[in-house]
Structures are given as structure tokens and as C-alpha cells.
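Structure, as C-alpha cells:
The values are calculated or read from the model by the stated rules, or taken from the named source; none is laboratory data. For clarity, every value in this text was computed on a predicted model and none was experimentally measured. Every residue, glycine among them, receives a Cβ derived from its backbone with ideal geometry; neighbour counts consider all protein chains shown.
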Amino acid sequence: MAGAQPGVHALQLKPVSVPESLRRGTKFMKWDDDSTTVTPVTLTVDPKGYFLYWTDQNNCFMLDELGKNFLHFFTGSYF
């Protein structure tokens with residue numbers, strides 16, 4: 001590439017932007033791969049996007065670290 005210097009490469013990542021709706025809590029349907037039971041939950045994401053928290057209708061609280069497991073959440077459309 002014209003103007004590029006050999007051996008000098010910098011990657012700048014943008015800070016994670018968690019939507020306000022996920023920080024406040026959004027309604028989702030949660031299910032396990034080994035079950036046909038669907039549970040309505042409220043999903044909340046911490047402001048930096050590291051942790052997912054969800055609470056079911058019995059106020060059972062779950063926490064997951066985003067970097068540890070890859071989770072799929074769909075809000076009505078597939079992306």
C-alpha cells in the first residue's frame with residue numbers, strides 16, 4: 001500500500017456501546033438446548049458489556065460472563 005510503513009500496524013477498537021434498553025432490562029424468552037420449556041426472563045447487561053444478568057418470573061437470578069460463553073439472543077429478528 002502506498003504510504004504504509006512496514007511493521008507499524010495499530011488496531012484501534014471502539015468502546016462497547018450497550019443500548020440503554022439492555023442496561024435497564026429487556027424481556028426475552030430463554031430456553032435450554034436439552035429442554036422444551038421456555039421461560040420469560042428480564043435480561044440486563046452491565047454498562048461495559050461484560051456481564052449478562054437475567055431474572056425469571058420467580059425472581060431466580062442468573063449471571064453469565066459474556067467472554068466465557070457465547071450466548072444467542074434474538075429480539076424478534078435474526079441477525
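Evaluate segment 2-24: report whether one residue or more is surrounded by 10 or more Cβ atoms within 10 Å (Cβ to Cβ), modelled with pLDDT of 85 or more and of a type in the set (A, V, I, L, M). Yes, there is a match, as at least one residue in segment 2-24 is surrounded by 10 or more Cβ atoms within 10 Å (Cβ to Cβ), modelled with pLDDT of 85 or more and of a type in the set (A, V, I, L, M). Could you tell me which residue of segment 25-58 is modelled with the highest pLDDT, considering only residues that are surrounded by 10 or more Cβ atoms within 10 Å (Cβ to Cβ) and part of a loop (DSSP other than H, G, I, E, B)? Among residues in segment 25-58 that are surrounded by 10 or more Cβ atoms within 10 Å (Cβ to Cβ) and part of a loop (DSSP other than H, G, I, E, B), the one modelled with the highest pLDDT is 25.
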